[in-house]
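Only the coordinates and a few stated rules stand behind these numbers; no lab work does. Keep in mind it's a predicted model, so treat the numbers as computed, not measured. Using ideal geometry, Cβ is built from the backbone for each residue, glycine included, and neighbour counts are taken over all protein chains shown.
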Amino acid sequence: MERTKEIGIRMATGATRRDVVFQFLSEATMISLSGGIIGIFLGLALARIIMELTGILTIVSISSIIISFGVSATVGILFGYMPAKKAAMQDPVASLRYE
């Protein structure tokens, strides 16, 4: 809803619904992938810090990293698709009038 005017302008200048969905979905995907990568590095760093400070052995397996990254990417894509589809279905004229 915050980007209603942007959507209206894009559609009025010739963007198709597919273009709008692709834009929103690609943004959501990039954000979720970036968050997943940052989460992996933070998790590894915290595991190392905990091990150094407390002496507790922390084990980080490749499978746990892959699963957590997959969940991050999947959630981002799924929750990015819903608003993207809704945004693409808007009438361009009504979008430009929205204040």
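So which residue, out of MET30, MET82, MET51, gets the largest mean-square fluctuation from a GNM of the chain using Cα contacts under 10 Å as springs? For the chain, modelled as a Gaussian network with Cα springs under 10 Å, the answer is MET51.
Inter-part distance, segment 1-19 to segment 33-61, computed on C-alpha centroids, equals 41 Å.
Each of LEU57, LEU96, LEU78 was scored by other Cβ atoms within 10 Å of its Cβ. Arranged with the fewest first, they read LEU57, LEU78, LEU96. Among the listed values (i) -0.22, -0.52, -0.76, -1.18; (ii) -0.43, -0.67, -0.81, -1.02; (iii) -0.31, -0.67, -0.93, -1.26, the one matching log10 I(q)/I(0) by the Debye sum over Cα atoms at q = 0.10, 0.15, 0.18, 0.22 Å⁻¹ as calculated from this structure is (ii).
Comparing VAL20, VAL71, VAL60 in a Gaussian network model of the chain, where Cα atoms under 10 Å apart are tied by springs, the biggest mean-square fluctuation is seen for VAL60. For the pair ILE65 and ASP19, the difference between a 0.36 nm per residue extended length and the Cα-Cα distance amounts to 13.3 nm.
The helix-based estimate of mean residue ellipticity at 222 nm for the chain, built from -39,500 (n - 2.57) per DSSP H run of four or more residues and divided by its residue count, is -28000 deg cm²/dmol to the nearest 500. Computed 3J(HN,Hα) for segment 23-37, one whole-Hz value per residue from the Karplus formula 6.51 cos²θ - 1.76 cosθ + 1.60 where θ = phi - 60°, is 4, 5, 5, 5, 5, 5, 5, 5, 5, 5, 5, 4, x, x, 5, glycine and proline marked x.
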